[in-house]
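Asks: Shown below is the structure under consideration.
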Ligand SMILES: [Zn+2]
């Protein structure tokens, strides 16, 4: 049994500070704490953590999943290419990583991709795999993911 659900996360009663934390806190957890602080840039952890969060989000479609991604202000996802239900190519506008210094060879939005993967795994029966293919931090124009359905 899970102690906390995604809906529990929305139960916020903070009179003075409200329901927002600054982006630098999220970035610090993600990049200083996880990417830098864990072995292998946190790879295994981000996959486990991201999927687990994704699975807890109640969604019924790809569109709804992308909407939640934007509501959580991770970024604004847009489908840029779709090949007969096998592969969906997504670009992210206003990704949380936008504006960070470029470090070529580094793609840092794997946890966010794993969140998408986890959420979509509750929508589709087959196997789903998401790859981060571009990232602002790598010097790319946008962050992008490729989702494969099989
Ligand atoms: Zn990004």
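The values are calculated or read from the model by the stated rules, or taken from the named source; none is laboratory data. Bear in mind that the values here come from a model prediction, so they are computed numbers and not experimental data. A quick note on method: Cβ atoms are made from the backbone with ideal geometry, for glycine too, and the neighbour counts reach across all protein chains shown.
Asks: Which of the residues that make up region 50-75 are outside any loop (DSSP other than H, G, I, E, B), under 11 Å from the mean Cα position of the chain (by Cα) and surrounded by fewer than 17 Cβ atoms within 10 Å (Cβ to Cβ)?
Replies: Answer for region 50-75, where residues must be outside any loop (DSSP other than H, G, I, E, B), under 11 Å from the mean Cα position of the chain (by Cα) and surrounded by fewer than 17 Cβ atoms within 10 Å (Cβ to Cβ): just 70.
Asks: Mind checking which residues of region 130-150 are part of a helix (DSSP H, G or I) and without any contact (Cβ under 8 Å) to a residue 40 or more places away in the chain?
Replies: Within region 130-150, 138 is the sole residue that qualifies.
Asks: Which one is surrounded by the most Cβ atoms within 10 Å (Cβ to Cβ), of the residues in region 116-129 that are more than 13 Å from the ligand (Cβ to nearest atom) and part of a helix (DSSP H, G or I)?
Replies: 119
Asks: Are any of the residues in region 2-22 surrounded by 13 or more Cβ atoms within 10 Å (Cβ to Cβ), part of a loop (DSSP other than H, G, I, E, B) and touching a helix residue (DSSP H, G or I) at 6+ places or on another chain (Cβ under 6 Å)?
Replies: no
Asks: Report, by residue number, each residue of region 130-141 that is surrounded by fewer than 22 Cβ atoms within 10 Å (Cβ to Cβ) and in contact with a helix residue (DSSP H, G or I) (Cβ under 7 Å, 6 or more places away or on another chain).
Replies: 132
Asks: Pairs under 7 Å by beta carbon, first residue within 23 Å of residue 48 (Cα to Cα) in region 98-113, partner at pLDDT 95 or above and part of a loop (DSSP other than H, G, I, E, B), six or more apart or different chains?
Replies: Pairs found: 107/135; 108/97; 108/135; 109/95; 109/97; 109/135; 112/74.
Asks: State whether the residues of region 16-29 include one that is under 18 Å from residue 119 (Cβ atoms) and free of Cβ contacts under 8 Å to residues at least 24 places away in the same chain.
Replies: There is no residue in region 16-29 that is under 18 Å from residue 119 (Cβ atoms) and free of Cβ contacts under 8 Å to residues at least 24 places away in the same chain.
Asks: Name the single residue that is farthest from residue 148 (Cα to Cα) among those in region 84-108 being more than 9 Å from the ligand (Cβ to nearest atom) and not in a loop (DSSP other than H, G, I, E, B).
Replies: By that ranking, first place goes to 93.
Asks: Turning to a different aspect of this structure: Based on this model, can you work out whether residue 113 counts as more than 15 Å from the ligand (Cβ to nearest atom), crowded, with 22+ Cβ neighbours inside 10 Å and outside any loop (DSSP other than H, G, I, E, B)?
Replies: Taking the combined requirement at face value, the residue does not satisfy it.
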